[in-house]
Amino acid sequence: MVPLSWYMALSIVVFSIGVFGFLSRRNIIIVLMSIELMLNAVNINLIAMSHYLQDLRGQILAFFVIAVAAAEAAIGLAIIIAFFRNKATAHVDDVKEMRG
């Protein structure tokens with residue numbers, strides 16, 4: 001059996017990669033993928049703690065996080081496609097120019 005600390009370490013590493021990608025990249029698609037990485041790190045943490053405590057509530061919560069992440073990805077990609085049609089670019093700096 002894999003110890004709980006390994007799952008926590010994996011979750012921290014995946015979350016850190018997501019934060020790094022979110023803060024360092026300028027491409028909107030990469031930023032969206034980084035947010036998804038952070039949500040998946042939370043899911044790893046929830047599932048590991050749920051298994052460790054022998055409680056299904058963490059797994060149920062992880063299921064809802066996956067559903068919210070899917071909706072967030074669909075809406076985010078729709079916004080990115082609409083933005084790309086107007087500006088022909090997918091950089092975060094160009095989004096700031098569209099403020100009204």
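If you take the residues of the range 59-100 that are modelled with pLDDT under 85 and among the β-branched types (V, I, T), which of them is surrounded by the most Cβ atoms within 10 Å (Cβ to Cβ)?
V95
Please work out which one of (1) free of Cβ contacts under 8 Å to residues at least 40 places away in the same chain; (2) over 24 Å from A67 (Cβ atoms) is the condition A41 fails and give its number.
It fails just one condition, (2).
Would you confirm whether any residue within the range 45-57 is under 21 Å from F84 (Cα atoms), of a type in the set (A, V, I, L, M, F, W, C) and within 15 Å of the chain's Cα centre (by Cα)? Give the derivation first.
The initial filter retains those residues of the range 45-57 that are under 21 Å from F84 (Cα atoms), namely none.
No, the range 45-57 contains no residue that is under 21 Å from F84 (Cα atoms), of a type in the set (A, V, I, L, M, F, W, C) and within 15 Å of the chain's Cα centre (by Cα).
Can A90 be described as under 20 Å from S5 (Cα atoms) and touching a residue at least 40 places away in the same chain (Cβ under 8 Å)? Before you say what the answer is, go through the steps one by one.
Values: under 20 Å from S5 (Cα atoms): no; touching a residue at least 40 places away in the same chain (Cβ under 8 Å): yes.
So A90 fails the test.
Would you mind telling me which numbered condition in (1) touching a residue at least 24 places away in the same chain (Cβ under 8 Å); (2) surrounded by fewer than 16 Cβ atoms within 10 Å (Cβ to Cβ); (3) more than 24 Å from V95 (Cα to Cα); (4) of a type in the set (A, V, I, L, M, F, W, C) L56 fails?
With respect to (1) touching a residue at least 24 places away in the same chain (Cβ under 8 Å); (2) surrounded by fewer than 16 Cβ atoms within 10 Å (Cβ to Cβ); (3) more than 24 Å from V95 (Cα to Cα); (4) of a type in the set (A, V, I, L, M, F, W, C), L56 is out only on (1).
Taking the stated definitions as given, is L56 in contact with a helix residue (DSSP H, G or I) (Cβ under 7 Å, 6 or more places away or on another chain) and under 19 Å from L4 (Cα atoms)?
For L56, the condition - in contact with a helix residue (DSSP H, G or I) (Cβ under 7 Å, 6 or more places away or on another chain) and under 19 Å from L4 (Cα atoms) - is met.
Considering only residues that are closer than 23 Å to V92 by Cβ and among the polar types (S, T, N, Q), look in the range 6-45 and name the one that is surrounded by the fewest Cβ atoms within 10 Å (Cβ to Cβ).
S24
I need every pair where a residue in the range 1-29 that is more than 30 Å from K87 (Cα to Cα) has its Cβ under 9 Å from the Cβ of a residue that is among the hydroxyl-bearing types (S, T, Y), sequence separation at least 6 or different chains.
L4/Y52; Y7/Y52
The values are calculated or read from the model by the stated rules, or taken from the named source; none is laboratory data. Since this is a predicted model, take the numbers as computed values, not measurements. Neighbour counts are summed over all protein chains in view; Cβ atoms, including those assigned to glycine, are modelled from backbone coordinates with ideal geometry.
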